[in-house]
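**Student:** Here's a structure for you.
The values are calculated or read from the model by the stated rules, or taken from the named source; none is laboratory data. The shown structure was predicted, so the numbers you read here are calculated from the model rather than taken from an experiment. Quick reminder, even Gly has a Cβ in these numbers, built from the backbone with ideal geometry, and neighbours come from all protein chains shown. All accessible areas refer to the heavy atoms of the entire protein, side chains included, with ligands and DNA or RNA removed. Shrake-Rupley method; radii C 1.70, N 1.55, O 1.52, S 1.80 Å.
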Amino acid sequence: MECKKMKTLSKVSLVISVLPLATLIPVFLKVTLPEGVSMVWAGVNIVCVVAGLILGVICVRSNESRSLVNIASTVISVFWCLLMAGIVALGLFLTFMQ
């Protein structure tokens, strides 16, 4: 039973980790979103990245449940976290440089 829960959790972690790529759909379709929708979408992306990272770490932590799917979802979530941290750092740097 425990193994089944971890497999389901790892699949959910992978889906949540890849979900922020949905942000690119309006870009490819050349659609401009209203400001409110854009802010909500950004918030959902942040929540998805953090949730994917937490679930990925939970799945990778034990040796029995470590698999390629778990490692991939964790790496994807870490990439998104580093990307968001870099954007925030760049924004702060440019704000204080002016």
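**Student:** Can you name the number of the only condition in (1) open to solvent by less than 50 Å² (accessible area, probe 1.4 Å); (2) modelled with pLDDT of 85 or more; (3) of a type outside the set (Lys, Arg) that residue 67 fails?
**Tutor:** If we test residue 67 against (1) open to solvent by less than 50 Å² (accessible area, probe 1.4 Å); (2) modelled with pLDDT of 85 or more; (3) of a type outside the set (Lys, Arg), just (2) comes out false.
**Student:** Could I ask something else about it? Taking only pairs six or more apart or across chains, which ones have beta-carbon atoms under 7 Å, a first residue in segment 37-48 that is under 12 Å from residue 84 (Cα atoms) and of a type in the set (Gly, Ala, Ser), and a second residue that is at pLDDT below 90 and surrounded by 14 or more Cβ atoms within 10 Å (Cβ to Cβ)?
**Tutor:** none
**Student:** Which number in (1) at pLDDT 85 or above; (2) open to solvent by 70 Å² or more (accessible area, probe 1.4 Å) marks the one condition that residue 3 misses?
**Tutor:** Residue 3 satisfies all of (1) at pLDDT 85 or above; (2) open to solvent by 70 Å² or more (accessible area, probe 1.4 Å) except (1).
**Student:** Which members of segment 65-98 meet the condition of being within 13 Å of residue 9 (Cβ to Cβ) and assigned to a loop (DSSP other than H, G, I, E, B)? Before the answer, list the steps.
**Tutor:** Going through segment 65-98, the residues within 13 Å of residue 9 (Cβ to Cβ) turn out to be 65-67, 69-70, 73-74.
Once the filter is applied, which keeps residues that are within 13 Å of residue 9 (Cβ to Cβ) and assigned to a loop (DSSP other than H, G, I, E, B), segment 65-98 yields 65, 66, 67.
**Student:** For segment 25-38, which positions are surrounded by 11 or more Cβ atoms within 10 Å (Cβ to Cβ) and closer than 28 Å to residue 72 by Cα?
**Tutor:** Scanning segment 25-38 gives 26, 38.
**Student:** Right, something else. Can you tell me which of 4, 30, 11 is at positive phi and either assigned to a helix (DSSP H, G or I) or over 12 Å from the mean Cα position of the chain (by Cα) (or both)? Talk me through it step by step, then tell me what you get.
**Tutor:** Numbers: 4 fails: at positive phi; 11 fails: at positive phi.
After applying the criteria, what remains is 30.
**Student:** Let me ask something additional. For segment 79-98: of the residues being free of Cβ contacts under 8 Å to residues at least 40 places away in the same chain and closer than 14 Å to residue 19 by Cα, which is most open to solvent (accessible area, probe 1.4 Å)?
**Tutor:** In the first step, residues of segment 79-98 are kept if they are free of Cβ contacts under 8 Å to residues at least 40 places away in the same chain; the result is 79, 81-98.
Now restrict to residues that are closer than 14 Å to residue 19 by Cα: 79, 81.
Values: 79: 114, 81: 39 Å².
It comes out as 79.
**Student:** Specify the residue that is farthest from residue 59 (Cα to Cα); the eligible residues are those in segment 10-24 that are in contact (Cβ under 8 Å) with a residue 24 or more places away in the chain and open to solvent by 50 Å² or more (accessible area, probe 1.4 Å). Give the steps one after another, and end with the answer.
**Tutor:** Step one: filter segment 10-24 for residues in contact (Cβ under 8 Å) with a residue 24 or more places away in the chain, giving 10-14, 16-20.
Restricting the remaining residues to those that are open to solvent by 50 Å² or more (accessible area, probe 1.4 Å) gives 11-12, 14, 18-19.
On the way: 11: 10, 12: 11, 14: 11, 18: 16, 19: 18 Å.
The qualifying residue farthest from residue 59 (Cα to Cα) is 19.
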